[in-house]
Every structure is written in structure tokens, then in C-alpha cells.
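Just below is one structure, and these are the notes that go with it.
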Amino acid sequence: MTGGTVVGLVAVGRNFAAGMSGGVAYVLDEHKSFAANCNREMVDLRALDSEPAEQVRHLQTSDTQIVRELLTQHVHYTGSVKAKQILENWQQSAACFVKVMPYEYERALQELAVRAG
């Protein structure tokens, strides 16, 4: 992945994020097994932020807002039962998401935020 945003709702295989240089992935980790399958050479794993991250504060959007909006769109366009259940139990579900952020992508966002003032 070199850009964009993805929300993953299913278990991932081993070596997830290998070569991930840009973008952000939000992965549902219901069984707390994601870290063992993630290649962490280029990425950091975090919990969802309820506030906009400092490096992207100019976007005025938090991780939780992004994930909820993408899930809402997914339900609208596909009728996904799983996404609907996640939204209905958002307080518990939000804690199960892992944010996958490439180190270099975060650095680039920080530089853009500094330039934007």
C-alpha cells in the first residue's frame, strides 16, 4: 500500500504491511492476533485516536471519525451485516481496531503540517 485509507474487517494473513510506505490501514483485531501477523519493519501499530493526530490536525478528523464514516458508507453501499454490527456496538468495537501507520508517511504528514502552519 502506497497511499489511501483502508478499513479491514477480517483476519489478515502473515506479513501484513510488508512494503507499506504510505496510507493508513485500520484493522479490526477482535482476537488480538493482528500484531503477530503484521510486518512491523516499516509501520507502527496504535489504538484509534478520538482526537485528530497532531501531524494531521489540519484535517480536523480523528481516526474514530474516519473509521465510523467508512463503515457507514460500507453498510450503505453493501448492506454489510458485520459493519452494521460494529457500528451498533461502537464503544466496544472501536477498542478492537488497530491503526497501521508507516513511519515515513507519518514523517511526511508532519512536515506538511509544519509547512501549512
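Per-residue ellipticity at 222 nm computed for the chain from its helices equals -11500 deg cm²/dmol, with DSSP H segments shorter than 4 residues left out and the rest contributing -39,500 (n - 2.57).
Tell me the per residue accessible area of the chain using a 1.4 Å probe; a whole number in Å² is fine.
Value returned for the chain: 60 Å² of accessible area per residue.
Report the convex hull volume per residue for the chain, counting only C-alpha atoms, in Å³. Let's see the in-between values first.
Details: hull volume 11.8 nm³, N = 117.
Per residue, the Cα convex hull of the chain comes to 101 Å³.
Given their separation in residues at 0.36 nm each and the Cα-Cα distance between them, GLN85 and TYR103 gain 3.3 nm when the chain is fully extended. Considering only protein heavy atoms and a probe of 1.4 Å, how much of the accessible area of the chain is carbon and sulfur, as a whole percent? Answer for the chain: carbon and sulfur cover 51 percent of the accessible area.
Each Lys or Arg adds one and each Asp or Glu subtracts one; over the other residues with Cβ under 13 Å from the Cβ of ASP29, this totals +2.
The values are calculated or read from the model by the stated rules, or taken from the named source; none is laboratory data. Bear in mind the structure is a predicted one, so any value in this text is a computation, not a measurement. Heads up, the Cβs are rebuilt from the backbone with ideal geometry, glycines too, and the neighbour counts pull from every protein chain shown. To get the accessible areas, we keep the full protein, side chains included, count just its heavy atoms, and leave off ligands, DNA and RNA. Shrake-Rupley method; radii C 1.70, N 1.55, O 1.52, S 1.80 Å.
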